[in-house]
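As structure tokens, the structure follows; a few thoughts come after it.
The values are calculated or read from the model by the stated rules, or taken from the named source; none is laboratory data. Here the structure is a predicted model, which means the values were calculated and not measured. Cβ coordinates were reconstructed from backbone atoms using ideal geometry, including for glycine residues, and neighbour counts include every protein chain displayed.
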Amino acid sequence: MKRFLAGKVSEIPEGSKKIIQAEGRSVGVYNIAGQYYALRNTCPHQGAELCSGITASYITSSGPGDFVYEREGEIVRCPWHQWEFDIKTGCMITDPKMRTKTYDVTVERYDVSVEENQVYVHL
Ligand code: FES
């Protein structure tokens, strides 16, 4: 497994992301509550730059007018067709009742480490 410098810790403060190039791959490195996560910057749907999408909350509802925002900043929404992915796992967010085999997709996720105030991505 190779490791790639993503940047200094100060370059990726909590709640932010940085897109890097590593071995010809574009990778989004996220800082969620002090933990780093990395996703391949390619949407498995039609190839958009997934990590250029906004980060959002996971929204649930028990009925009309009731919205609960959970897991703030842990979801990335693809800029092309708004598919949402869990940044921590790379898995697509779907309502299990609406889930079909076609939508059973994942985004490649890489390990991330912090050493001497530098963030590395392991491919
Ligand atoms: S390309 Fe990402 S949702 Fe379509």
Residue count, segment 32-51 (criterion: in a loop (DSSP other than H, G, I, E, B) and either surrounded by 14 or more Cβ atoms within 10 Å (Cβ to Cβ) or under 9 Å from the mean Cα position of the chain (by Cα) (or both)): 7
Qualifying residue in segment 17-31 (condition: among the hydrophobic types (A, V, I, L, M, F, W, C), within 16 Å of the ligand (Cβ to nearest atom) and at pLDDT 90 or above): yes
Filtered residues of segment 76-123 (kept if part of a strand (DSSP E or B), polar (S, T, N, Q) and at pLDDT 70 or above): Ser113, Gln118
Residue in segment 52-75 that is assigned to a loop (DSSP other than H, G, I, E, B), over 21 Å from Leu123 (Cα atoms) and more than 16 Å from the ligand (Cβ to nearest atom) present: yes
